[in-house]
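Engineer: For reference, the structure I am asking about is given below.
A short reminder: the numbers here are calculations on the coordinates, not readings from a lab. No experiment lies behind these values; they were computed from the predicted model shown. Note that we place each Cβ from the backbone using ideal geometry, even for glycine, and neighbour counts take in every protein chain shown.
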Amino acid sequence: MLFATLFITLGLLGPTFDKVLKGSIKDSVTETINQNPKLNSLSPAERNKVITTLMDEQIHNQGLDEPWFSPKRIYNTIFKVMALDLGRTTNTYQSSSGSSSIHDIILERLPRTVLLFGTATVITSAIGIYLGAFVAGREGSIWDKINSAFAVFSSGFPSWWLGMLMIILFAFSLRLFPAISLPQTLPTDPIYVFDLLYHMALPLITLVLIGFGSWSFTVRYFVILILGEDFIRAKRTAGIGERRILYSHALKNAAPPIFTSVALSLASSFGGAILAETVFSWPGMGLLYYEAIGNLDIPVLVGITYLSTLIFVITVFIVDLIYGYLDPRVKVSDGSGSES
Amino acid sequence: MTASELLSRREVTSKLFRSKWGVGGIAILLALVSVSIYALVAIPLESNKEWSNPTYWQDYPKSVAPAWTNLGSGDRFVEHTILTSANAITSESISQGTKAVTYSWKIDYHYESYPSNIILDTTVTYSKQPILQLDIVRPDGKDFKLYYSTLPSPQSSSSTFSRRVTSDDAIMQASLKSHVGEFMCSVDAAKPRIMIFSDTQECRVLKGIYTVTETLYFFGDSDAVNDAKFILGGQVFGPMGTDDLGRDLSIGILWGAPVALFIGLVVAVVSTLIGLIYGVFAGFKGRHIDEGMMRINDIFYSLPFLPLLIILSVSIGRSIFLFVGFLVLFGWVGMAKISRSLALQIKNLQYVEAAKLMGESDTKIIFRHIIPQLLPITFASIALTVPAAILGEAALSFLGLGDPTIPTWGRILHDANSAGAAARGLWWWVMIPGLMIALTGVAFILIGNTLNTIVNPRSRIRVG
C-alpha cells in the first residue's frame, strides 16, 4: 500500500523530475568545462563533444538513462525519500544555518507547521467533540439545527478566504493582531516564544473557526449512531444519568471512528497548510511550498510532496493498526480496519 | 436502504422543492446561472482577454471601492466617470480654411469631495500641426480656459498622435493662475482638480452642471479626430470596485461565474459517473476483481490531493480543461466506494438474480438494472462534488497556478493576496470574489444534502 502510493507519486512526477535533474547536470558540466583552462583552446564542436560525453557519464552514474519505472531507479528513489535525502534546492533558499539541502530546510520549517496545525487540531477537536456530543444529546433542537447549518456553511467556504477576512477584521480594522505572521524577534531572544504565539493567534483562530463546525458534525453523527444502540437503552433503564450516558458511555464508544478522523485530518492538513500559511505568511512547510511554486523550484516541490505523501500513508497505516486495539470488534489481520 | 432508491423521479423533485434548504440552494444556483448567462452575453470577450494587459485599464481608477458605498454617506466620494466620444455632443465648423471640431460633455457634479484627477485623452491624425483647446464652464457661469497648445509637428505626411492632458499639466496650472483672484478662499493654481471644482465665495465644493468642451483647430484637409475621452478621476467606481491595476472587478467576477460553474459541473458529472460505473462494476463482479479494484481505489484515496494537484499543474500545464482532468482524477474515489457498497446489496435482490438466470449479459444487468436504481444518489453525489471541484480550482488559482488567460475568482483573490489587499483594508477586492465562491459552494451543498436526505433517509446528514 505504502509503496503503491509512492509509486503513483513517482509516476506522476518522475518524468518532470528527470528533466530537471538532467538540466542541472548539463549546467554543472558546462560550468566545469568553462572553468577548465585546458579546454578553452578547443573548437566549439570538440567542446560540445566533451560536454556530451561527460553528461552521458554522469547521467549514467545517477541512473538517469533508465526510465523512472525501472526497478533500480524506483529502489533508489524510495530509499532516498525514506532516508530523507531529498537533494538541494535550485534556488537561494537556505535554512537559518545556511544550508541549501532540502532536508535541512524542511527540518527547520516542519516544527512550525506542526506547532500551528497541531495546536489548531487539538483545540478544534476538543471544541468539536464536546459540541458534537452536546448537540447529539439534543437531536432536533435549535442548537442542533444551528450547529448543522454552521457545519454546512463552513464546509463550502474556502478556509484561506476566511483567513483574508480575518486579516481585514483583526489586523486592518481592529489592529489587534499583525497581518504577517512572521515573528519579528530572533529565535535566541527570550521573548521569542511570546512573539511567536502572538503572531500565531490569527491563523490559529481562523483554523479553529473553519474547522470545528464539520468536527462537531462528524462527532454528532457517530454519537447519535451509538445512542440508538441497545446497550445505551439498557443503561437508561438501569437509571444511569443522561449526562453520564452521553459524555462517558456514548462518547467512549464513538471514540474509534473519531480517533481515525483526527489522525487523518492531521496527516492531510498539509494541503490546507499550503493555503493557510500563504495567507498569513506563516513560515512553515506550506509557505515554503508556495514560494517554491513561485520560483519553480522543482526539487523542493517534489521533496515536500514525497514527504507529505509518506507522512499521510504512514498515518493511515498506523491508524489501521491502532483501530484494532481501540475497537476489539475489528480484527487487525483483515487489514481494512478503517471501514466503519 | 434499497426501498428508498425506488423513489420515483417526480417524488424526489417534489420533496426537493418542499424543503426550505433545497429551495434556497436552487434559488442561489438559478441566480448564478443568470449571472453566467449575462456575463457570456453582455460582457465582450475582449475585456476578458485584456484582463492581464495593464494599458487596457489605464483609464480606470486604482484600488477604489464600489460606487454603492456612496449610498449611505450622501455622495461623499466622487464616482469615477469615463466619458467617451459617444457620450459627447460633437460639432464641426469651417471658417477661413480652419476646421474646428468640438466635443462637449456635461458632468453633474453632486459630490462632497474633489476629484482625484481630471484627464483629457485625445487621438488625432493630422498633416499640419493642430491646436488643442480645453474649456470648462462652471455652474456659476465662469468659463475657465484650461489648455491651449499646439500638438507636435507631424513626423510624416499624415501621422497619428495621442495626447493625454492631466491636471498635473503645467499649461493647465499656468492658465488657471489668472483666475486665482476670483476666489474669496485661497486656492492653489498648482492643484487644478481642487480649484476648478471650488466655490468662489466659500471654501467648499461647487456643485452643479459643469460643461467640458474640447476644441481642435485643424489646418490640414484630411485631418481628423480619431478618439476623445474625458475622465473625471474618482474615489469610487463600478458595482464592485477596482483592483490596484485599475481593473474593473465586476468584469472579472462576473466572468468567474460561468468558469466556476463549468469546472464544477463538468468535474462533478464526469467523476461521479466514472466512480459510479467503477464501483458498481467492482461490487457486481465481486471476489478478486472487487478486491483489486478497491485496492486501487484505496491508493487514490490516500494520495495527498492538493500537493499532487499543484505538481500536476506545474509539470503538465495550466488551462481550465487540464484542471478539469486533474480534478476528475481525484474526484471519482468517494462515489466508487458508495456505489460499490450499494451494488453489493442490489445484486442479491431477486430481480437481479432473475435477470442473471435469464442469461442477460453483465453489462446489460449493470446498466439496465443496477445503475438506474442508483440515479437519485448519483445526483446527490454530483451536487456534493461540485463545491469540492470549485474549491480545488480556486485553491490552485489562489496559489498562482490558475489559467493565465481567464479571470477566475481564485485568480482575483491571488492578485489580492499578493498585493496585500487584506492588510491594506481593500475589503471589496477580497470579500466579493470569496463570497461568490462560498455562495456557489453552499448552493450545491444545500441541494446535495437535501437530495441525500430524501433518497437516503438513514443518513443523518441533514440540515434543519
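Engineer: Kindly write out, for the stretch B:58-63 in residue order, the coupling ³J(HN,Hα) from the Karplus curve 6.51 cos²θ - 1.76 cosθ + 1.60 (θ = phi - 60°), rounded to whole Hz, with x marking Gly and Pro.
Structural biologist: Going residue by residue, I get 5, 7, 8, x, 9, 6 Hz, with x marking Gly and Pro.
Engineer: Express in % the proportion of alpha carbon pairs of the stretch B:67-233 at distances exceeding 21 Å.
Structural biologist: Beyond 21 Å sits 49 percent of the P(r) for the stretch B:67-233.
Engineer: So what's the angle, to the nearest 10 degrees on a 0 to 90 scale, between helix B:305-315 and the longest Cα principal axis of chain B?
Structural biologist: 60
Engineer: Let me confirm one metric for peptide A:101-112, namely the mean number of other chain beta-carbon atoms within 10 Å of its residues' beta-carbons.
Structural biologist: 0
Engineer: Could you give the Stokes-Einstein D for the stretch B:204-260 in µm² per second, using the C-alpha Kirkwood radius, 10 °C, 1.306 mPa s?
Structural biologist: The estimated diffusion coefficient comes to 100 µm²/s.
Engineer: Calculated from DSSP H runs of 4 or more alone, at -39500 (n - 2.57) each and per residue, what is the 222 nm mean residue ellipticity of chain B, nearest 500?
Structural biologist: For chain B, the value works out to -15000 deg cm²/dmol.
Engineer: Quick query: amide H of B:Y147 versus all other amide H atoms, modeled in the peptide plane; which residues come in under 5 Å with a sequence gap of 5 or more or a different chain?
Structural biologist: B:L134
Engineer: From other protein chains only, count the Cβ atoms within 10 Å of every residue's Cβ in B:414-422, then give the mean.
Structural biologist: 4
Engineer: OK, next. Show me the ranking of peptides B:115-127, B:386-398, B:316-328 by mean Cβ neighbours inside 10 Å, starting with the highest.
Structural biologist: Top of the packing list down: B:386-398, B:115-127, B:316-328.
Engineer: Report the one residue of B:Q235, B:L308, B:L151 whose Cα lies farthest in the direction of the positive end of the charge dipole of chain B (charges on C-beta: Lys and Arg +1, Asp and Glu -1; origin at the Cα centre).
Structural biologist: B:L308
Engineer: If you split all Cα-Cα distances of chain B into 20 Å bins from zero, what percentages do you get per bin, shortest first?
Structural biologist: All Cα pairs, binned at 20 Å, distribute as 20, 37, 24, 15, 4, 0 percent.
Engineer: Given the pairs B:K99/B:K177; B:K142/B:K207; B:K106/B:K142, which are separated by over 25 angstrom at their Cα positions?
Structural biologist: Going by Cα-Cα distance, B:K99/B:K177 fall outside the 25 Å limit.
Engineer: Which of the aspartates and glutamates could a cross-linker bridge to B:K347, judged by Cα under 18 Å and excluding same-chain residues fewer than eight apart?
Structural biologist: Result set, ordered by chain and number: B:E5, B:D290, B:E291, B:E360, B:D362.
Engineer: So what J values fall out for the stretch B:337-342 if you push phi through Karplus, 6.51 cos²θ - 1.76 cosθ + 1.60 with θ = phi - 60°, rounded to Hz, Gly and Pro as x?
Structural biologist: Ordered by residue, 3J(HN,Hα) equals 5, 5, 5, 5, 5, 6 Hz.
Engineer: At a 10 angstrom cut-off on C-beta neighbours, averaged per residue, how do the peptides B:187-197, A:298-308, A:221-231 rank from highest to lowest?
Structural biologist: A:298-308, B:187-197, A:221-231
Engineer: By how many degrees, between 0 and 90 and to the nearest 10, does the Cα long axis of helix B:287-301 differ from the longest principal axis of chain B?
Structural biologist: Helix B:287-301 sits at roughly 30 degrees to that axis.
Engineer: Which order do the peptides B:275-283, B:174-182 take when ranked by the mean count of other beta-carbon atoms within 10 Å per residue, highest first?
Structural biologist: The peptides rank, most packed first, as B:275-283, B:174-182.
Engineer: Let me ask you something else. In terms of the ratio Rg/(2.2 N^0.38 Å) built on C-alpha atoms, what value belongs to the protein assembly as shown?
Structural biologist: 1.19
Engineer: To continue, here is another question. Just to confirm the number: angle between the C-alpha axis of helix B:375-398 and the first principal axis of chain B, 0 to 90 degrees, nearest 10?
Structural biologist: Approximately 40 degrees, to the nearest ten.
Engineer: Go through the stretch B:272-284 residue by residue and turn each phi into a ³J(HN,Hα) via Karplus (6.51, -1.76, 1.60, θ = phi - 60°); whole Hz please, and just put x for glycine and proline.
Structural biologist: 5, 5, 4, x, 4, 5, 4, x, 5, 4, 4, x, 6
Engineer: Rounded if a/c is under 1.5, else prolate if a/b is larger than b/c, else oblate: which is the stretch B:36-152, with a ≥ b ≥ c the root eigenvalues of its Cα gyration tensor?
Structural biologist: Oblate, because a/c is 1.5 or more while a/b does not exceed b/c.
Engineer: Normalised by the residues of chain B, what does the relative contact order come to in percent, with Cα pairs under 8 Å and at least six apart?
Structural biologist: Here the relative contact order equals 23 percent.
Engineer: Please compute the average number of Cβ atoms from other chains found within 10 Å of each residue's Cβ in peptide B:360-373.
Structural biologist: Average per residue, whole number: 0.
Engineer: Would you tally the net charge around B:L40, using a Cβ to Cβ cut-off of less than 15 Å, leaving B:L40 out, and scoring K and R as +1, D and E as -1?
Structural biologist: Net charge in that neighbourhood comes out at 0.
Engineer: Related question: Residues with amide H under 5 Å of B:I118's amide H, sequence separation 5 or more or different chain, H placed in the peptide plane at 1.01 Å from N; which?
Structural biologist: B:S167, B:G233
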